[in-house]
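Chemist: Please read through the structure below; I'll follow up with questions.
Taken together, the values in this text are just the output of simple stated rules run on the coordinates, not laboratory data. Just so we're clear, the structure is a prediction, and the values are computed from it rather than from any experiment. Counting neighbours? That spans all protein chains shown, and the Cβs are built from the backbone with ideal geometry, glycine included.
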Amino acid sequence: MQYRANLKNGDKLSILGFGCMRFGGNGSFGGKFDPHKAENLIKAAIDKGVNYFDTAYIYPGSEEILGKTLAKYGVRKKVYVATKLPLILCRSKSDLDKYFNRQLERLQTDYIDYYLLHMLSNTNEWDKLREWGIESWIQEKKTAGQIKQFGFSYHGSRDDFLALLDVYAWDFVQIQYNYSDENYQAGVTGLNKAASKGIPVVVMEPLLGGQLADGLPQAAVSRFKKANPNMSPVAWALRWVWNKPEVTLLLSGMNDMRQLDENIRIAETAAPNMFSQEEIETFQDVKKIFNASFKIHCTGCHYCMPCPHGVNIPVCFSAYNTYHAINKSTGSLQYGMSTMNSGYAGLCKKCGLCEKHCPQHISIISSLAEVQKTMENYRFKIMRFAMKLFMRKN
């Protein structure tokens with residue numbers, strides 16, 4: 001495993017970090033996972049040199065299984081634990097200690113190495129936290145040794161991110177970053193400004209929720225193969241992030257040993273500024289192909305769920321993207337099989353609750369309307385009617 005130094009405190013962090021939102025389960029936020037499988041993945045990752053684990057209060061079961069595993073094998077001091085204060089749940093200053101103390105209990109530890117404000121949106125939200133005394137609260141935790149490094153994760157606009165960088169002496173930040181769009185959210189401008197201030201940058205969604213791994217159009221896969229037949233789309237995507245010297249580490253949500261081993265192999269040969277001009281041109285071609293077919297930039301994080309009216313929003317968007325990126329027949333079959341009984345886009349009542357929680361800022365209501373128009377044709381309606389008849393008879 002390779003490591004990059006946090007120049008603020010000297011920590012040597014593995015360039016591959018373990019994102020614990022989706023581990024050991026069905027790959028989706030909030031999905032059930034096998035605790036034994038998750039434990040084995042965590043232990044194997046540590047044995048192979050991964051020393052940065054990222055979780056959050058609102059990732060169901062994640063903090064608990066991470067804490068249990070680290071305690072069971074006595075490896076807490078060998079790793080850096082990152083977790084996040086659930087701003088979405090905080091209503092007053094007293095909530096800061098309430099959730100922090102619960103996190104210490106869940107993680108079976110008395111300190112957090114890298115503590116983040118989860119999805120800090122803008123300076124107005126920071127000003128509200130300052131009114132609660134967040135700065136003195138953080139200093140107290142640092143003085144007591146309960147928090148080592150303090151930062152925030154981000155899913156907002158570039159300008160808001162740039163402004164946030166200047167309102168506090170952050171120890172690190174976490175941003176979404178991948179080759180599909182360098183100007184999305186904080187983007188390359190935010191990355192460069194953070195690095196210029198000496199702030200370590202942790203990258204999330206390097207595979208865009210897996211879309212850059214197994215959701216690429218065949219034309220994009222073929223373009224990669226033409227450039228290097230021995231390199232997978234995953235390798236191209238991860239190496240693209242590691243190619244940036246401003247990136248300290250990236251997070252990958254690895255659900256099985258195969259993914260863990262593949263990512264570690266890729267990390268072993270990664271280096272800043274490793275790409276040739278030909279490889280850079282390859283990315284430019286693939287990006288054009290991908291962005292032309294990937295209609296809805298949903299990462300499948302499930303923050304929008306549950307829908308009070310029963311729409312399975314990530315499933316609808318995934319099938320719709322498959323319809324355009326892979327082929328129409330595959331996408332239609334995926335949509336029909338996934339939403340035949342429930343969860344289809346036509347159930348949407350336009351309440352807007354989902355849009356308030358989407359970190360990608362997707363116009364979910366209008367996107368679901370487009371999904372319904374495209375996917376819920378007469379064949380879908382006939383199949384759903386036939387399924388209802390079948391269910392009644394059986």
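Chemist: So what are the ³J(HN,Hα) numbers for segment 261-278, from phi and the Karplus equation (6.51, -1.76, 1.60; θ = phi - 60°), rounded to whole Hz, Gly and Pro as x?
Modeler: Result, rounded to whole Hz: 5, 5, 5, 5, 4, 5, 5, 4, 10, 6, 7, x, 6, 8, 7, 7, 4, 5.
Chemist: What value, in deg cm²/dmol to 500, does the helix sum -39500 (n - 2.57) over DSSP H runs of n ≥ 4 give at 222 nm once divided by the residues of the chain?
Modeler: -14500 deg cm²/dmol
Chemist: Could I ask something else about it? Just grab the label-to-label distance for T189 and Q218, each label 7 Å out from Cα along the Cβ direction, in nm (one decimal).
Modeler: It is 3.9 nm.
Chemist: Let me ask something additional. Go through segment 198-206 residue by residue and turn each phi into a ³J(HN,Hα) via Karplus (6.51, -1.76, 1.60, θ = phi - 60°); whole Hz please, and just put x for glycine and proline.
Modeler: x, 8, x, 10, 9, 9, 10, 6, x
Chemist: Sticking with this one: For K356, give me every one of the lysines with a C-alpha distance below 21 angstrom, ignoring sequence neighbours fewer than eight places off in its own chain.
Modeler: Leaving aside lysines fewer than 8 places away in the same chain, those within reach of K356 are K84, K128, K295.
Chemist: Could you give the length gained on full extension between A163 and M231, defined as 0.36 nm per residue of separation minus the Cα-Cα distance, in nm?
Modeler: Values: separation 68, 0.36 × 68 = 24.48 nm, distance 3.85 nm.
Between A163 and M231, full extension yields an extra 20.6 nm.
Chemist: Where both residues lie in the chain, what percent of DSSP beta bridges are antiparallel, nearest 5? Could the numbers behind the result be given before it?
Modeler: Values: 4 of 31 bridges.
Taking every DSSP beta bridge with both residues in the chain, the antiparallel ones total about 15 percent.
Chemist: Related question: How about K37: which lysines have a C-alpha closer than 19 Å to its C-alpha, ignoring those fewer than 8 places off in the same chain?
Modeler: By straight Cα distance, K37 reaches K48, K68, K72.
Chemist: What's the extension gain from L353 to W137 if we count 0.36 nm per residue and subtract their Cα-Cα distance? The partial results should precede the final answer.
Modeler: Values: separation 216, 0.36 × 216 = 77.76 nm, distance 3.17 nm.
Difference between extended and current length: 74.6 nm.
Chemist: Using amide H atoms built in the peptide plane, which far-off residues or other-chain residues are under 5 Å from I112 H to H?
Modeler: Result for I112 returns I147, K148.
Chemist: Show the residues, 5+ positions off or on another chain, whose built amide H is closer than 5 Å to the amide H of Q185.
Modeler: For Q185, whose amide H was placed from the backbone, the distant partners under 5 Å are R158.
Chemist: Relative to the longest principal axis of the C-alpha atoms of the chain, give the angle of the C-alpha long axis of helix 328-339, reported between 0 and 90° and rounded to the nearest 10°.
Modeler: It works out to around 80 degrees.
Chemist: Let me have the relative contact order for segment 3-290, percent, based on Cα pairs under 8 Å that are six or more residues apart. List each step's numbers first, then the result.
Modeler: Numbers: 493 pairs, mean separation 55.2, N = 288.
For segment 3-290, the relative contact order is 19 percent.
Chemist: So, one more: Cα centroid distance between segment 162-188 and segment 254-306, in Å?
Modeler: Result: 18 Å between the Cα centres.
Chemist: Here's something else I'd like to know. For a quick check: with amide H placed at 1.01 Å from N, whose amide H comes under 5 Å from Y80's, ignoring anything fewer than 5 positions away on the same chain?
Modeler: Counting only residues 5 or more places away or on other chains, the set is Y52, F53.
Chemist: Mind jotting down the three principal axis lengths of segment 192-322 based on Cα atoms? Whole angstrom, largest first.
Modeler: In descending order, the Cα extents are 48, 37, 32 Å.
Chemist: Moving on to the next point. Provide the per-residue ³J(HN,Hα) series for segment 34-50, in order, calculated from phi with Karplus coefficients 6.51, -1.76, 1.60 and θ = phi - 60°, each as a whole number of Hz, with x at glycine and proline positions.
Modeler: My calculation for segment 34-50 gives 7, x, 5, 5, 4, 4, 5, 5, 4, 4, 5, 4, 4, 4, 8, x, 6 Hz in order.
Chemist: How far is helix 233-242 tilted, in degrees, relative to the longest principal axis of the Cα atoms in the chain, given as a value from 0 to 90 rounded to the nearest 10?
Modeler: That works out to roughly 30 degrees.
Chemist: In nm², what is the average projected area of the convex hull enclosing the Cα atoms of the chain? Don't jump to the answer; show the numbers that get you there.
Modeler: Working: hull surface 80.7 nm².
For the chain, the mean projected area of the Cα convex hull comes to 20.2 nm².
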